Amino acid sequence: MSTIVVIILMAVLAFFPFHLIRTEEKNKLYIKYVLFFLPWLFIDMVPKSFYFSFFHVLTYTYFIFFLIFNKPGRNTEYAYITYLLLVLLVAGVLHSEFVDKGLQHLLRFMSYVIFCKVLITECMVDRKFESTVMNWMKVGLLFSVFFMVMQMLFGVEIVRVFGFYSEAALNPNILSFAGIRYPSFFQDPQKYAQYLAAISFFFLADIKKTDKFPIVPIALFVLSVVALFFTGARAAFLGLCAGLAFILLFLKMEYKMIFLAFIAVVIPILWIFKDDFVLFNRDSTVIDMYDTRSVFWDEGLVIFSEQPMLGIGVGNYQDYVGKHYVDQYWISEGEITYYDQPESGYLKYLVEYGVLGFIPFMAFFIIPVLKGIRYIFTRQKDFTSIVLIASLISWLIGFITVCSFTDIRMCVVIGAITCLLISRIESLNQEWKHGNE
């Protein structure tokens, strides 16, 4: 990793508290810092024996010096779910074989709780901040596409020059028989594909805010989809299709016809040039990938059966496998790395959190989606809520085959989308109740 990058990030961390002191909108500034430095959030800022990334240091700096003095907000059902989850995770860690490592992971997990708390609080206070966050995330996506183009021109390895992560080996699936699967500033193209699928819908959020045909938003959405083709991630593409289908349910007929016409034109083009897109030129079939993943799923279920209630402890999957299932590893650049997930996000957290922790963990994502769907079908077809739900639907499908949460940046992105949906639905429900009193 580039030393210059580390020096710059250290300077940012040193300047951050002084920047906060000079502004009254401290919460917003913290969120903007996180979103602006999203590509570099994964970088380790302390010795390897205790991994603490740029995101964790930034968050705890903010928490210790500023957030701790804020008055706590009103507890909602999501706050109680979080409290319950934290208690269960602590119990799981104390019950695990790797207490020290588990406590470190739990400390890092708390940084995401802090981030989500700040974002929800600020969006509830200032509804306009939702648009600001979404715009920052769209800029991040466009930067990722630009960097992917740079990789096409100068090679995938340039990711090391920019120091987007600390000495982590690139996933071997980048180089496939069908061609290169581009990861942009991620370590794994599958995670990058989930990132593209989730945020791409943000470009469609403004469709209903203008009477003119939204050429630019639709063009940027198409650009995101084309970028996803170069990742070769089929599950993420399926998630994107499901999210788009959900959005199409609520669009005017003219937009539905435009999208259907576009799809009718694109499909033959993709068929003709399918060899140029790794997504449609994979050397393995869906059945082959199922057979491969089912081996890890079966072993994951065996591990789950050993600790079904409290799990093996948050973040302990890799250590547990390295001790008890030593055949689960991959080799890259001459180094052996044990799997930190069983090729499924759901199974990873079922194994680590146990049934008791897995239920509140998933409830944090499922409840906002269900409440959002209920709101748009029974009260108001709020299009921004529809877009946010579509984003989460796309991620929930992609999460089946790969745990994107092993990358800090995906934790931040999906956490942000979930918080935006929570704050928006809660605010809309309050407005609706006041309007009907």
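The values are calculated or read from the model by the stated rules, or taken from the named source; none is laboratory data. Remember, predicted model here, so these are calculated numbers, not experimental data. Glycine also receives a Cβ, built like all others from the backbone with ideal geometry; neighbour counts cover every protein chain displayed. Quick note on the areas: whole protein, heavy atoms, side chains included, nothing else; ligands and nucleic acids left out. Shrake-Rupley method; radii C 1.70, N 1.55, O 1.52, S 1.80 Å.
Below is a table of values for the structure above.
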quantity	calculated
Subset of the stretch 209-232 (residues that are open to solvent by 10 Å² or more (accessible area, probe 1.4 Å), touching a residue at least 60 places away in the same chain (Cβ under 8 Å) and either in contact with a strand residue (DSSP E or B) (Cβ under 6 Å, 6 or more places away or on another chain) or among the aliphatic types (A, V, I, L, M) (or both))	220, 223
Qualifying residue in the stretch 210-220 (condition: at pLDDT 90 or above, in contact with a helix residue (DSSP H, G or I) (Cβ under 6 Å, 6 or more places away or on another chain) and assigned to a helix (DSSP H, G or I))	yes
Flag if residue 411 is part of a helix (DSSP H, G or I), open to solvent by 10 Å² or more (accessible area, probe 1.4 Å) and either touching a residue at least 60 places away in the same chain (Cβ under 8 Å) or β-branched (Val, Ile, Thr) (or both)	yes
Checking residue 361 against (1) at pLDDT 95 or above; (2) buried (at least 23 other Cβ atoms within 10 Å of the Cβ), the condition it does not meet	(2)
Whichever residue in the stretch 179-208 is within 15 Å of residue 152 (Cβ to Cβ) and open to solvent by 20 Å² or more (accessible area, probe 1.4 Å) and, among such residues, is modelled with the highest pLDDT	182
Some residue of the stretch 222-243 being more than 22 Å from the chain's Cα centre (by Cα) and either part of a helix (DSSP H, G or I) or modelled with pLDDT under 85 (or both)	no
Which listed residue, of 90, 113, 156, is touching a residue at least 12 places away in the same chain (Cβ under 8 Å), open to solvent by 10 Å² or more (accessible area, probe 1.4 Å), assigned to a loop (DSSP other than H, G, I, E, B) and not acidic (Asp, Glu)	156
Residue list for the stretch 197-245, filter: β-branched (Val, Ile, Thr) and under 16 Å from residue 397 (Cβ atoms)	199, 225, 231
Any hit, the stretch 66-85, residues being at pLDDT below 85, outside any loop (DSSP other than H, G, I, E, B) and open to solvent by 30 Å² or more (accessible area, probe 1.4 Å)	yes
Count of the stretch 14-56 residues which are surrounded by fewer than 16 Cβ atoms within 10 Å (Cβ to Cβ) and either in a helix (DSSP H, G or I) or at pLDDT 85 or above (or both)	12
Leading residue by the ranking (farthest from residue 202 (Cα to Cα)) among those in the stretch 370-385 that are outside any helix (DSSP H, G or I) and open to solvent by 80 Å² or more (accessible area, probe 1.4 Å)	379
From the options 162, 147, residue that is at pLDDT 90 or above and either aliphatic (A, V, I, L, M) or more than 21 Å from residue 399 (Cβ to Cβ) (or both)	147
